[in-house]
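Written below as structure tokens is the structure these notes are about.
The numbers here are math on the coordinates, done by the rules we state, and not lab data. Quick caveat: nothing in here was measured; it's all calculated off a predicted structure. Neighbour counts are summed over all protein chains in view; Cβ atoms, including those assigned to glycine, are modelled from backbone coordinates with ideal geometry.
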């Protein structure tokens, strides 16, 4: 049977399933669940590991993210905070890996919330969790695309000093990048796992190459650089400044759990998803720490980084003393960021798809294309939303609005993590004999790791809304807190309208997703 004939057959079955008036409600729900879970299991262990490694791109993001750590705290606080945050992120990752071994499913956080939360508050917490997680992921994707554009424009400025960063240019570059990523995810998705594997291998090779280049070519700082402090923000308390500056490291691990949303497209998901998640983050943490130490040892003076239009390009130019070599290395970093954005699109679109098939977004968006076996409509919606956000680059006032929206990502994601850890600890405390664990688990250390993850998550949430600079004005304000409040008000308002009609996640979807293998 040809591809077009198969597609027609699937379409006929779909119409028959959805249109038959004689079906019972449960049968209709099960048939709809089948239509909404018919993706292919394309990813194997190494491809998923590479996707996670590339999605985070921890080591390559270190030089690009260092500005705020230098601005608030300096090298000493930068190193100390990385160690604390790395341990906290690994506790988060281990806890999520354990949960991924129970339910490796798109929409992970809100499914887990429904599964483990108290019965009386289960639907409400799931509703809030779903909206917070989804909006946080969309904001993260927009931030990723814009970060890559900033790197590219830094390279252009290096080679063409007359180049002026203007809103329309930034917007055009971002939209072109987004278009390529979208088209690949739509029409060449079967190649994406192999692209991820290639990018993951290249990521590791480039890490080795960058470290060698830094250590061989760069003028070296003395060991005193690791004790140097700096506060250029106006904060009087060094402790407060250093905690706010540590967000440069927190941002390295936002969305660490992204590959869990690919669980329905991964072979032997209950084993492979948690293994790939934990060990990829562990590898990223390790490479990131080495990069951080080497970068500080080889970087220019703090003032030069703070004055540079693009800190990462300033560091590369200082290291290589060569415009050509800096351009080449910067180009590799841009490729790695684009690969990360590719994974971002893949993950966010699956979360969009899951949230739609469970009825929070229009169910029409929860459709899986019968020919390509991917959630076409969810990919288009995700791309459209990020394109709209990118258009905010066009004006100086709307650019502030874009910064406000992208700042939502960290607060929203960390709140979603806190909810998961809290309800899991509740379930561990109330369930007789403990919760039923999957094949990848932490054993008797599970509860302790969950507690550590929750404490760390709440501590970070405390500092996330603080502004980087004082005194605060419209351009320097941290909008993550107000934006999160806005999302919560929207979600609660919608809940009041729909609480009697929304029954929670479709349990038939869970049953099918966890059992079906291609």
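Rounded to whole Å and ordered largest first, report the semi-axes of the equivalent ellipsoid of the range 268-399 derived from its Cα gyration tensor (root of 5λ).
37, 22, 13
So for the pair residue 447, residue 237, with labels modelled 7 Å out along Cα→Cβ, what separation do we get in nm?
3.4
Quick check on the range 307-366: take the gyration tensor over C-alpha atoms, sort the square-rooted eigenvalues as a ≥ b ≥ c, and tell me if it's rounded (a/c under 1.5), prolate or oblate.
Judged from the Cα gyration tensor, the range 307-366 comes out prolate (a/c at least 1.5, a/b above b/c).
Which order results if 242, 121 are arranged by neighbouring Cβ count within 10 Å, fewest first?
Least to most surrounded, the residues fall as 121, 242.
Under the 0.36 nm per residue contour assumption, what length would be gained going from the current alpha-carbon distance of residue 162 and residue 496 to full extension?
Here the answer is 114.8 nm.
For a Förster distance of 30 Å, can you work out the FRET efficiency between the beta-carbons of residue 80 and residue 304, rounded to the nearest 0.05?
0.85
Please label the shape of the range 33-181 as rounded, prolate or oblate, based on the square roots a ≥ b ≥ c of the eigenvalues of the alpha-carbon gyration tensor (a/c under 1.5 means rounded; beyond that, a/b larger than b/c means prolate, else oblate).
Judged from the Cα gyration tensor, the range 33-181 comes out prolate (a/c at least 1.5, a/b above b/c).
For residue 279 and residue 431 in the same chain, what is the full-extension length gain: residue separation times 0.36 nm, less their Cα-Cα distance, in nm?
Here the answer is 51.8 nm.
Taking the Cα atoms only, what angle lies between the long axis of helix 376-390 and the longest principal axis of the chain, rounded to 10 degrees?
Rounded to the nearest ten degrees, it is 30.
For labels at residue 198 and residue 489 in the simple 7 Å Cα→Cβ model, what's the distance in nm?
Distance between the two pseudo-spin positions: 4.8 nm.
With angles folded into 0 to 90 degrees, how steeply does helix 122-159 sit against the dominant principal axis of the chain? Use alpha carbons for both and round to 10.
40
Just order 462-469, 443-450, 378-385 by mean Cβ neighbour count inside 10 Å, highest at the front, would you?
378-385, 462-469, 443-450
Which of the peptides 415-428, 290-303 is most tightly packed, and how do the rest follow, judged by the mean count of other Cβ atoms within 10 Å per residue?
So the peptides 415-428, 290-303, ranked by packing, come out 415-428, 290-303.
I'd like the FRET efficiency for residue 455 and residue 44, computed as 1/(1 + (r/R0)^6) with the beta carbon distance as r and R0 of 35 Å, rounded to 0.05.
Given R0 = 35 Å and the Cβ-Cβ separation, E is 0.50.
Output the relative contact order of the range 115-249, whole-number percent, from Cα pairs under 8 angstrom with separation of 6+ residues.
Relative contact order of the range 115-249: 11 percent.
Give the order of 490, 289, 214, 141 when sorted by the count of other beta carbons within 10 angstrom, beginning with the fewest.
So the ranking, lowest neighbour count to highest, is 490, 289, 214, 141.
If you average the sequence gap of Cα pairs under 8 Å that are 6 or more apart and divide by the length of the range 350-490, what percent do you get for the contact order?
Worked out over the range 350-490, it gives 21 percent.
Rounded to the nearest 500 deg cm²/dmol, what is the calculated helix-only ellipticity per residue at 222 nm for the chain, with -39500 (n - 2.57) per DSSP H run of length n ≥ 4?
-23500 deg cm²/dmol
Got a sec? How would 485, 250 order by Cβ neighbour count within 10 Å, fewest to most?
485, 250
Rg to Rh ratio, the chain, alpha-carbon atoms and Kirkwood radius?
So for the chain, dividing Rg by the Kirkwood Rh gives 0.97.
What are the extents of the Cα atoms of the range 396-501 along their three principal axes, in Å, largest first?
Cα extents, longest axis first: 56, 39, 21 Å.
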